Structure formats: structure tokens, C-alpha cells
Amino acid sequence: AEQCQTPYPTFERGEIDVIRRHLMTMHGLRISTGEIVRLLAVTAARGQAQVQVLRDEVRASEHVHVDETNWRENGQFISLWVHATWTVVLYAFGRRDRAQVNALLGADYPGIVISDGYVVYSHFGVHQRCWAHALRKARDLLTQNPDDLAVAAWVQRLRQLFADATIAANAPPPDIHH
């Protein structure tokens, strides 16, 4: 039998069964495996134009927060990527490599890339380390070196810098007409 190749995500039989059970339990709908697969493909196809609009908006943004998370499924790694701006959050499944980042963001993205420092982002021009990742790594460093006073002092200064930056970011703008 010939398999149909589409640009849409593929689903394992167990995943389709979860969808079928949910539709039956929550909505009383009985839908065949084939119909669920068809509906997923139609939904993906109809959403492609809007996904491109969102991708273009992310690429036009002055800055973007990027992150990825990975897990093994059926012996293969799967990566979920997120690209977030002030107005758009775009998710994608794909490989955990630079080609995937370039496909989502564009290889020549000119804005600020805010990330965890993963090497696949290193070719972009302007970088900012994500505070959540930096603070988590500082906490881990402190946990690994509980008796190191220099590490403790550095982590405390980093936390204070974050607190000061948070206060400054939320403060009203100065009155420049005095």
C-alpha cells in the first residue's frame, strides 16, 4: 500500500485513539480513525495561510523570545519550539537544529534574540540571555557549590540586578518637563 505524504504532522494510532475517546466522552461524538485523520489534515491545510501571517509578524518584530523543549517518543527525539513576541506566540514541531530555527525565524533575523544561550541561536546578531534561564542556572550553580562564598555573592548580585531591573521596568517614566 502506498502512503500519502503530506506536509502535516503525522499521528500514531494511540494519539488518534485519545482524540476519539475525548470526543466520545466529552461530546458524545463517534468519529472513525479515518475521519479524524482527514479532519486533522484539513485543519492543518486551512491554517497554513494564518501560520505564515504569524511567522511574518514574528520575523518583523524587534525582538523575539525563543525556546525549545525535547522528548523521546517511539525512539525518536521530538522538539517543540516557541517563538514569542509582545503580540504573537508561534509553536512548531521539528528537529533540534539550526535549520529548524532558520525555517521558523529566518537565517537573517535582524532583531534581538532572547534565549537560553543554546548554540543554534549563536548566528543571530544581537542576543539577550533569558532571565528565567539565567536565574535557574545561577540557582543550580549555588546548589552545586553551597560552601563557595564567591558563588553565593555573585548569585545574590545577579538576583539583585534582576530585582532592580524589574522595578525600573515597571516604574512610571520620569517627568522631563521640570
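The values are calculated or read from the model by the stated rules, or taken from the named source; none is laboratory data. These numbers come from a predicted model, not from an experiment. Neighbour counts are summed over all protein chains in view; Cβ atoms, including those assigned to glycine, are modelled from backbone coordinates with ideal geometry. Protein only, heavy atoms only, side chains kept; ligands, DNA and RNA dropped before computing areas. Shrake-Rupley method; radii C 1.70, N 1.55, O 1.52, S 1.80 Å.
Given H65, H133, H27, which one is open to solvent by 70 Å² or more (accessible area, probe 1.4 Å) and under 27 Å from T166 (Cβ atoms)?
Just a single option satisfies the conditions, and that option is H65.
For a quick check of your reading of the model, give me the residue pairs whose first member lies in the range 126-146 and is among the charged types (D, E, K, R), whose second is at pLDDT below 95, with beta-carbon atoms closer than 7 Å and at least 6 apart or on different chains.
What qualifies is R129/G117.
Which condition number in (1) touching a strand residue (DSSP E or B) at 6+ places or on another chain (Cβ under 7 Å); (2) open to solvent by 60 Å² or more (accessible area, probe 1.4 Å); (3) modelled with pLDDT under 90 is the one that A169 fails?
Of (1) touching a strand residue (DSSP E or B) at 6+ places or on another chain (Cβ under 7 Å); (2) open to solvent by 60 Å² or more (accessible area, probe 1.4 Å); (3) modelled with pLDDT under 90, only one is false for A169: (1).
Here's a check for you: in the range 108-119, which residue that is of a type in the set (A, V, I, L, M, F, W, C) and open to solvent by 10 Å² or more (accessible area, probe 1.4 Å) is nearest to D97 (Cα to Cα)?
The residue in question is V119.
Just give me the residues in the range 45-55 being surrounded by 12 or more Cβ atoms within 10 Å (Cβ to Cβ) and under 17 Å from T85 (Cβ atoms), in sequence order.
V51, L54, R55
Test of understanding: among R59, R96, which residue is at pLDDT below 90, open to solvent by 50 Å² or more (accessible area, probe 1.4 Å) and not aliphatic (A, V, I, L, M)?
Unique residue meeting the criteria: R96.
The conditions are (1) farther than 24 Å from A44 by Cβ; (2) open to solvent by less than 40 Å² (accessible area, probe 1.4 Å), and T85 fails exactly one of them. Which is it?
Here T85 clears every test but (1).
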